[in-house]
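Undergrad: Sharing a structure with you now.
None of the figures in this text is laboratory data; all of them are computed from the coordinates on show. Just so you know, these numbers come straight off a predicted model, no measurement behind them. For neighbour counting, all protein chains shown are included, and Cβ atoms are generated from backbone atoms with ideal geometry for every residue, glycine included.
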Amino acid sequence: MGKNQKSKKTLFNISKTSIADTSQAGAKEPERKPISIDVIIPCHNSHETLDRCLGSILCQRVLPSITVTLVRDGGEHYQDIIDRYSPVMNIQEIGYDENGGPGKARNYGLTHTHGDVISFIDSDDCYAGPFAIIDLVNEMYNEPGIVMCVGDFMEELAPLRFKRHTDDVTFVHGKLYKRSYLEKNNLLFNEAEPANEDVGFNILALIIMKPEDKVKYVKKISHYWLWNPKSIVRSNKDVFDRSTSFIAFVRNMIYVFEEVEKRGYGNTMEILGERIASMGRITNMYHEKTMGYPQYEKDNLAEVKKFYRRVYQPFEKYITKEMVDDVYERYPYKRQFQLGRQEYDDFIKSLGED
């Protein structure tokens, strides 16, 4: 079955209450082991938005199988929240005193929970209706080998103005991960960067997959990334989007390939293809972010050069023009190659010049 092919719905015994497939009404399915679900929420002074987030969890059809973990990433405690919600859901607070960012908080949540599957949600976001989690769980367990489900999510770009993300592997929004896969491969978030740590996590998880590991893309909206003017992403959007976020993205991509090399995945054709595609994506992003904003050129270009010299240049002798042409024409990141073909080659050549 292809990764985008829809799986047939089945009865899934995830809790004391089963979710029946209405197309198979009356059909008796074999008993399945209930699946435990961890929802991990990084929190830093999050009282203002947590009720909305927890309310979306409270209505989940599989609530008895969910354990909610608030990871206190410094700042205020949440005992009042725990006291209010513990009568109606499994909820706990863990954490530490010094603010370390969402990557550290998610890692702390991963290593202090034990559920079969994991969903991450930010404290100012919410799930998209009562079937958001069970739809992803059913897709994960409807065929063997699924270790990651990628649902659609809606981004609120401004109050009540939304954009739908489909097949997105950049953010953790709308994803479900099988714990056994993460633990087997020692997959954790890069704690060194203040943003785009989920890029490194997701791309590394995809690159190191073996043939028996599969991703399922689910064409259902499962998550709302809601507008929060106080968030790090929105509060200073121009500087964040055009510089801070871009620099963190490049550094996380360097982290991905350094991890690939540490893990001994070698110089395979697939990895070379990823190097070419990532170089193209970063090249396009650099031109997009700095066009009309020369104040960001120097710092952004310095990071592009770091990526080139650490990730691309050492393997350039193995990369032929035909390989770049092939990626340029057919790779999923083809849309990222916005420069003309010769312009792209000239830019890459310039990165190696002092």
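Undergrad: Let me have the 222 nm mean residue ellipticity of the chain computed from DSSP H runs of 4+ only, each contributing -39500 (n - 2.57), with the sum over all residues rounded to the nearest 500. Write down the numbers at each step before the final one.
TA: Numbers: 12 runs with 132 residues, N = 354.
Taking each H run of at least 4 residues, the total per residue is -11500 deg cm²/dmol.
Undergrad: Same structure again: Which of Asn138, Asn202, Asn99 moves most in a GNM of the chain, Cα contacts under 10 Å?
TA: Highest fluctuation among the options: Asn99.
Undergrad: Using the 2.2 N^0.38 Å rule of thumb for compact globular proteins, work out how the range 236-351 stacks up: its C-alpha Rg over that value, please.
TA: Numbers: Rg = 14.0 Å, N = 116, 2.2 N^0.38 = 13.4 Å.
For the range 236-351, the normalised Cα radius of gyration comes out at 1.04.
Undergrad: Using only Cα atoms, tell me the angle between helix 132-141 and the longest principal axis of the chain; keep it within 0 to 90° and round to the nearest 10.
TA: 80
Undergrad: How high is the relative contact order of the chain? Use alpha-carbon pairs under 8 Å, at least six apart in sequence, and give a whole percent. Don't skip to the answer; put the middle values down first.
TA: On the way: 572 pairs, mean separation 50.5, N = 354.
It rounds to 14 percent for the chain.
Undergrad: Could you state, as a whole-number percent, how many of the C-alpha pairs of the chain are farther apart than 25 Å?
TA: So the pairs more than 25 Å apart make up 56 percent of the total in the chain.
Undergrad: For a quick check, take a GNM of the chain with Cα springs below 10 Å and name the residue from Pro194, Pro144, Pro64 with the largest mean-square fluctuation.
TA: Its mean-square fluctuation being the largest, the pick is Pro144.
Undergrad: Put one equal scatterer on each alpha carbon of the range 128-183, apply the Debye formula with no solvent term, and list log10 I(q)/I(0) at q = 0.15, 0.17 1/Å to two decimals.
TA: -0.49, -0.61
Undergrad: To continue, here is another question. Relative to the longest principal axis of the chain, what angle (0 to 90°, nearest 10) does the C-alpha long axis of helix 341-351 take?
TA: 80
Undergrad: Can you give me the long-range amide H partners of Ile91? Hydrogens built in the peptide plane at 1.01 Å from N, cutoff under 5 Å, separation of 5 or more residues or another chain.
TA: Answer set, sorted by chain and number: Val68.
Undergrad: Restricting to bridges with both residues inside the range 22-230, how much of the DSSP beta-bridge set is antiparallel, in percent to the nearest 5?
TA: Values: 12 of 39 bridges.
Roughly 30 percent of the DSSP beta bridges within the range 22-230 come out antiparallel.
Undergrad: Over 27 Å apart: what share of the alpha carbon pairs of the range 22-230 falls there, rounded to a whole percent?
TA: Numbers: 5988 of 21736 pairs.
That tail contains 28 percent of the Cα-Cα pairs.
Undergrad: Here's another thing I want to ask about it. Picking from Ala132, Ala105, Ala192, which is most flexible by a Gaussian network model of the chain using Cα springs under 10 Å?
TA: Largest GNM mean-square fluctuation: Ala192.
Undergrad: Can I ask one more? Quote the charge dipole size of the range 22-230 about the Cα centre in Debye, to the nearest 20; the model charges only the Cβ of Lys and Arg (+1) and of Asp and Glu (-1). Kindly include the intermediate steps, with their values, before the conclusion.
TA: Numbers: 22 positive and 31 negative charges, 157 e Å.
Roughly 760 debye for the range 22-230.
Undergrad: Mind putting a number on the dipole of the chain about its Cα centre? Charges go on the C-beta only, +1 for Lys and Arg and -1 for Asp and Glu, and I need it in Debye to the nearest 20.
TA: Numbers: 48 positive and 53 negative charges, 203 e Å.
Its charge dipole is roughly 980 debye.
Undergrad: Principal axis extents for the range 30-145, Cα atoms only, whole Å, descending order, please.
TA: That gives 47, 26, 21 Å along the principal axes, largest extent first.
Undergrad: Exposed loop GluC sites (Glu not before Pro) only (DSSP loop, at most 14 other Cβ atoms within 10 Å): please give the longest stretch of the chain free of them, not including the sites. It would help to have the intermediate numbers written out before the result.
TA: Working: sites that count: Glu31, Glu76, Glu98, Glu212, Glu353.
By the stated rule (loop sites, at most 14 other Cβ atoms within 10 Å), 213-352.
Undergrad: How high is the relative contact order of the range 236-335, in percent, counting Cα pairs under 8 Å that sit 6 or more residues apart?
TA: 41
Undergrad: Going down the list Lys175/Lys298; Lys210/Lys321; Lys178/Lys220; Lys219/Lys289; Lys214/Lys317; Lys163/Lys216, which pairs span over 24 Å between their C-alpha atoms?
TA: Details: Lys175/Lys298 35 Å; Lys210/Lys321 28 Å; Lys178/Lys220 19 Å; Lys219/Lys289 30 Å; Lys214/Lys317 31 Å; Lys163/Lys216 21 Å.
Beyond 24 Å: Lys175/Lys298; Lys210/Lys321; Lys219/Lys289; Lys214/Lys317.
Undergrad: Please list 3J(HN,Hα) in residue order for the range 165-180, calculated via the Karplus relation 6.51 cos²θ - 1.76 cosθ + 1.60 where θ = phi - 60°; whole Hz, with x for glycine and proline.
TA: Whole-Hz 3J(HN,Hα) from phi for the range 165-180: 9, 10, 6, 8, 10, 7, 9, 7, 4, x, 9, 10, 10, 7, 4, 4.
Undergrad: Calculate how many DSSP beta bridges within the chain are antiparallel, expressed in % of all such bridges and rounded to the nearest 5. List each step's numbers first, then the result.
TA: On the way: 13 of 40 bridges.
Of the beta bridges lying entirely in the chain, close to 30 percent run antiparallel.
Undergrad: Now for a separate question. At q = 0.15 Å⁻¹, work out log10 I(q)/I(0) for the range 86-188 with the Debye formula, treating every Cα as an identical point scatterer and leaving solvent out; two decimals please.
TA: Results for the range 86-188 at q = 0.15 Å⁻¹ read -0.76.
Undergrad: Explain nothing, just the number: relative contact order of the range 22-230, from Cα pairs under 8 Å at least 6 residues apart, as a whole percent.
TA: On the way: 404 pairs, mean separation 49.7, N = 209.
Relative contact order for the range 22-230 comes out at 24 percent.
Undergrad: Report, ordered by chain and residue number, the aspartates and glutamates lying within cross-link reach of Lys305, taken as a straight Cα distance under 13 Å and ignoring same-chain residues fewer than 8 apart.
TA: Hits, sequence-local ones excluded: Glu297, Glu353, Asp354.
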